[in-house]
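Engineer: I have a structure here, written as structure tokens, and I will follow up with some questions on it.
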């Protein structure tokens with residue numbers, strides 16, 4: 001057998017092993033990882049931990065909010081999160097309804113409630129609830145990151161929850 005044919009067969013064998021999907025996590029494992037991700041993300045929101053929130057989003061993260069221009073990119077999202085964390089104590093909860101995982105992308109639909117209390121005792125406590133749709137992307141290291149975040153509100157959106165812009 002010639003050297004080039006041997007290398008060709010070896011290359012095809014390596015390609016076949018590299019394309020083996022049996023190494024992919026199961027749906028249950030991915031769902032558990034996304035559930036843990038969500039707990040970490042909501043915990044960071046409620047703790048005002050902007051650095052952790054930033055670490056859990058992709059560089060190309062986009063957030064779509066009612067009545068506002070999209071927040072495009074990690075820096076815009078970080079600035080908005082910092083503005084909210086500076087002005088409010090947040091108590092947010094999520095209730096996922098549906099999670100679809102397809103390879104390295106997943107989306108999740110659910111409901112949320114946010115209670116925002118102004119820091120320093122000034123102002124009124126605001127509560128808002130609504131629906132969300134989030135898109136997650138598996139990173140090369142296997143971890144999930146949020147890449148898109150969309151939500152609407154079912155009650156009047158309090159003006160005090162803006163990031164100040």
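The values are calculated or read from the model by the stated rules, or taken from the named source; none is laboratory data. Computed from a prediction, not measured in an experiment: that's the story for all the values here. Virtual Cβ from ideal backbone geometry, glycine too; neighbours counted across all protein chains shown.
Engineer: Might you let me know whether the stretch 71-85 holds any residue that is within 16 Å of residue 134 (Cα to Cα), part of a helix (DSSP H, G or I) and under 13 Å from the mean Cα position of the chain (by Cα)? Break it down stepwise before answering.
Structural biologist: Quick first cut of the stretch 71-85, residues within 16 Å of residue 134 (Cα to Cα) only: 71-74, 77.
Now restrict to residues that are part of a helix (DSSP H, G or I): 74, 77.
Subset that is under 13 Å from the mean Cα position of the chain (by Cα): 74, 77.
Yes, the stretch 71-85 contains a residue that is within 16 Å of residue 134 (Cα to Cα), part of a helix (DSSP H, G or I) and under 13 Å from the mean Cα position of the chain (by Cα).
Engineer: Would the stretch 20-28 turn up any residue that is out of contact with any strand residue (DSSP E or B) (no Cβ under 8 Å at 6 or more places or on another chain), modelled with pLDDT of 95 or more and under 20 Å from residue 132 (Cβ atoms)?
Structural biologist: no
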